[in-house]
Amino acid sequence: MVYQRLEEITSHQEALSLLKEGNLRYVAGQTLKQDVSAEKRNSLVEKGQKPFAVIVSCSDSRLPPELLFDQGLGDLFVIRVAGNVLGPLTMGSVEYGVEHLGAPLLVILGHNHCGAVKATVDGGDAPGSIGAIVERIRPCVEIVRTGGATGEEVYEHVEDMNIKAMVAEVKASPVIEEFLHKGSLRVIGAKYCQETGEITFYE
């Protein structure tokens, strides 16, 4: 049986439930057969896309959001960047997904064992434009170290703080703030555990 969701999801509660249910299926190894037929592709071209969630996630090859949430074509509007950090270009994509595509849910998805976080914590040279990513994460490292964290826990705490910092940053966007004020959008953070496959939502 091929899975088909409702054509349009406007409730952030329903959108979040779809993500949670999808991740449970992924963890259990019971993912649905997604419709990737020519008919589905043509329908999305003709009717346009109506994703029910915007996902900002790390570019790490081990965590494609569509698989982790067990969703198909047209379901998620995904922006991927190392360290799941925001900047003018990524913020523009986020705002497009909310304002023009009408997604009712926005998720900042980080993960454990994040290479961008490790590079920032460990220090050293960051060649080329990689330095721009490191600079976005560095304030979180400073706060965590000031708080007394040491050893391996520093990486975990910085991962968590970076997610929360990006949630706060995206909420500060005038475009996003307007939709939050209207109650038509919810913004939350989430973290993927590579060992278990589970996603924890920071609600």
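From the residues in segment 105-129 that are at pLDDT below 95, surrounded by fewer than 24 Cβ atoms within 10 Å (Cβ to Cβ) and not in a loop (DSSP other than H, G, I, E, B), which one is farthest from the chain's Cα centre (by Cα)? Among them, the one singled out is 122.
For segment 62-76, check the following and say yes or no: at least one residue is within 22 Å of residue 201 (Cα to Cα), in contact (Cβ under 8 Å) with a residue 12 or more places away in the chain and assigned to a strand (DSSP E or B). Looking through segment 62-76, at least one residue is within 22 Å of residue 201 (Cα to Cα), in contact (Cβ under 8 Å) with a residue 12 or more places away in the chain and assigned to a strand (DSSP E or B). The requirement of being buried (at least 19 other Cβ atoms within 10 Å of the Cβ), touching a residue at least 40 places away in the same chain (Cβ under 8 Å), of a type outside the set (A, V, I, L, M) and part of a loop (DSSP other than H, G, I, E, B) is fulfilled nowhere in segment 20-32; no residue meets it. Could you tell me whether residue 162 is under 20 Å from residue 198 (Cα atoms), among the polar types (S, T, N, Q), touching a residue at least 24 places away in the same chain (Cβ under 8 Å) and buried (at least 20 other Cβ atoms within 10 Å of the Cβ)? In short, yes. Evaluated against (1) closer than 23 Å to residue 62 by Cα; (2) at pLDDT 95 or above; (3) not in a helix (DSSP H, G or I), residue 161 falls short on exactly one condition, (3). A Cβ distance below 8 Å, combined with a sequence gap of six or more or placement on separate chains, defines the contacts here; from segment 132-149, residues that are surrounded by 14 or more Cβ atoms within 10 Å (Cβ to Cβ) reach residues that are in a loop (DSSP other than H, G, I, E, B) in the pairs 133/81; 133/85; 133/126; 134/126; 136/85; 136/86; 136/87; 137/85. Evaluating residue 57 against the criteria (1) at pLDDT below 95; (2) in contact with a strand residue (DSSP E or B) (Cβ under 8 Å, 6 or more places away or on another chain) leaves one unmet condition, (1).
The values are calculated or read from the model by the stated rules, or taken from the named source; none is laboratory data. Values in this document were obtained by computation on a predicted structure and should not be read as measured data. A quick note on method: Cβ atoms are made from the backbone with ideal geometry, for glycine too, and the neighbour counts reach across all protein chains shown.
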